[in-house]
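A short worksheet on the structure shown next.
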C-alpha cells in the first residue's frame, strides 16, 4: 500500500513536471527543425541549426544582449549604492523623522513603478533621459524593497563589532564599509540575483522608454522581432526566444541552489 | 557629558539625512512626485492643439465610469485575479508537497517547476504561441488526433482570457512553490511521527497540521499573487494585444494603451489613481496582518 501511494506521488509529480517544461521542450524542438517538420510534429525529421542562423541575422542581438547587460549592471550598481546607505541609516542611526521617512519608503513597496508609467515617462523625458539606458534604470535604483532588505541585514550585525571599530578610530562610513558591508555579503548576493533576473526579464517600462536599437534591451527586441507584421515563422521565433533566454537559463541551471535560496531570502525577510 | 551627548545626537542626525538623501531624492522623483502628479493630472482635460488642458474636476472619472470598455477591463482583471490567485496557490502547494516528499527524480521535478520563473514573460508568451496557434499549434495537433476541430484559442472572446490566464499560472506557480517549500521544511518532524503513531491518515495530517501551519505563507503568497494580477501583463503584447474586442484586456495594458497608443494621458492617470487606491487597501491589509504576526512571536 505504502509503495503504491509512493508510486502515485512520483507519477503525479513527474507528470506535472513534464507538463511544466513542455513549452520549453517544444520550443527547443521547433527551433532545431525546419518549420514544416516542426508544425507537423514529424518525430524523426532531421535536425538543423538554420533557424538560429536566420534568427541571429534578423536583428542586432549582440547589441540587445549588450544593452540588457548594461541595464542590469547600471541598476545593480545604483541599487547597491543607494540601498546600502539608506539601509544603514535606517538600521543603525538615530535621527528625528526617521520613522516617518521609513513609512514613506514602505509605501513605495505598493506603488509599483509599473503603474506609474505615464508620469515616470514624463519625468524621464523632462530629465533628458528618454531612450537611454540610464532612463530605463533610474526609477528602479532607489528600491524600497532593497532598502528594507539591507536594513534587516544590517540590524543583525552585533553592536560590539561596531563599537570595536569605533574605538579603533574608524569613522562612520569606514565602519559601514569595513564592518557592515562584508558581513552582509550573502544578502548582497541574494539581492543581486533577484535584481538581475527581474530586470533581465522586464519589458513594459523599457518598451516605453527606449526607441532605438541602440538602447533596446533583449525583451523589447524579442517582441519586435516576433511581431506578426515581420512575418517570421514559429521555428525562427522559437530559436530567437531560446537564444535570448539562454544566458539566464544556463546560469540558473548551474547555480540552481543559490538561485532558489536567494529568492527565498529576498522574499521572506 | 550632556554637551557630548548632544554633539553625538546632532552628528547622527546629519549623517542619517546625508546617507538617506540619494535614495530620498530618487524616491521622490520616481515615486512620490509621480503619484501626486498622476492624481493632479487626472483632474485636467486632455491637452490638444485646439483646446489647452483645463481643470475639469472629476469629469475624467465620470467618463471612465460611463465607459463600458472600462468596466469590461475591470471585470476581465477581476476574473484574471479570481482564477490565477487560487489556482496558482493550489498548484504551488501541490508542487511543494511533492517536491518535499521522498519521490524519485526529485531534483528534476524541482528544477522543472521552478524554470518558468527565470524566463521573461515575453519569452514565455512566445513559447505558448506555439501551443495556441490555430491549425499549426500543439494544442490543435493533439486535438486533431482525437478528431477535435481546430480552435483559435487566442482569436475568440470565450477563450482568449483563459489562454492568458494559463500562461500566468504557468509562470508564477513555481515561484510560489519555493515559499511553500521553505515553510514545509520548518515543520518539526515529531509532528509527522506523532501523527503516524496515532494512525492518522495522510489526508488528515495534511489538512489538520500542514495546512494550518502554512497559513502565514499562504497569506504572503496571496498578497504577491494579487500584486502580480495587476503587474503581469507582458504576454498580452505577444498573444492577444487585449483582443479580440477587448475580451482579454487587463487594467495595466489598458493604461498603457490609453497613454501611449491613444495619447490620452488624463484618462490613463485617472485609472492609475484607482489602481493605486486598490493597491493601497491591499497594503493596509498586509500591514495589519504583519502587525498581528509580530504579536504572535
Worksheet item: Is it the case that the stretch B:22-41 has a residue that's more than 20 Å from residue A:119 (Cβ to Cβ), touching a helix residue (DSSP H, G or I) at 6+ places or on another chain (Cβ under 9 Å) and within 9 Å of chain A (Cβ to nearest Cβ)?
Response: yes
Practice prompt. Among what's in the stretch B:192-235 and is under 27 Å from the mean Cα position of the chain (by Cα) and not in a helix (DSSP H, G or I), pick the residue that is farthest from residue A:117 (Cα to Cα).
Written response: B:214
Item to complete: Looking at (1) modelled with pLDDT under 90; (2) part of a helix (DSSP H, G or I); (3) more than 7 Å from every other protein chain (Cβ to nearest Cβ); (4) closer than 30 Å to residue A:198 by Cα, find the lone condition where residue A:23 falls short.
Response: (3)
Worksheet item: Consider residue B:263 against the criteria (1) over 16 Å from the mean Cα position of the chain (by Cα); (2) at pLDDT 90 or above: it satisfies all of them except one. Which criterion is unmet?
Response: (2)
Worksheet item: Could we say that residue B:14 is within 13 Å of chain A (Cβ to nearest Cβ), loosely packed, with under 13 Cβ neighbours inside 10 Å, at negative phi and within 27 Å of the chain's Cα centre (by Cα) here?
Response: no
Worksheet item: Before we move on, is residue A:106 assigned to a helix (DSSP H, G or I), within 26 Å of residue A:184 (Cα to Cα), in the same structural domain as residue A:206 (by TED's automatic domain parsing) and at pLDDT below 90?
Response: yes
Item to complete: Look at residue A:187 and say whether it is crowded, with 19+ Cβ neighbours inside 10 Å and away from every other protein chain (no Cβ under 11 Å).
Response: yes
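Residue by residue, here is whether (1) over 24 Å from residue B:90 (Cα atoms); (2) without any contact (Cβ under 8 Å) to a residue 60 or more places away in the chain; (3) out of contact with any helix residue (DSSP H, G or I) (no Cβ under 7 Å at 6 or more places or on another chain) holds:
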position: B:129; (1), (2), (3): yes, no, no
position: B:137; (1), (2), (3): yes, yes, no
position: B:147; (1), (2), (3): yes, yes, yes
position: B:159; (1), (2), (3): no, yes, yes
position: B:163; (1), (2), (3): no, no, no
position: B:168; (1), (2), (3): no, no, no
position: B:171; (1), (2), (3): no, no, no
position: B:177; (1), (2), (3): no, no, no
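The values are calculated or read from the model by the stated rules, or taken from the named source; none is laboratory data. Computed from a prediction, not measured in an experiment: that's the story for all the values here. Note: ideal-geometry Cβ built from the backbone for every residue, glycine included; neighbour counts use all protein chains shown.
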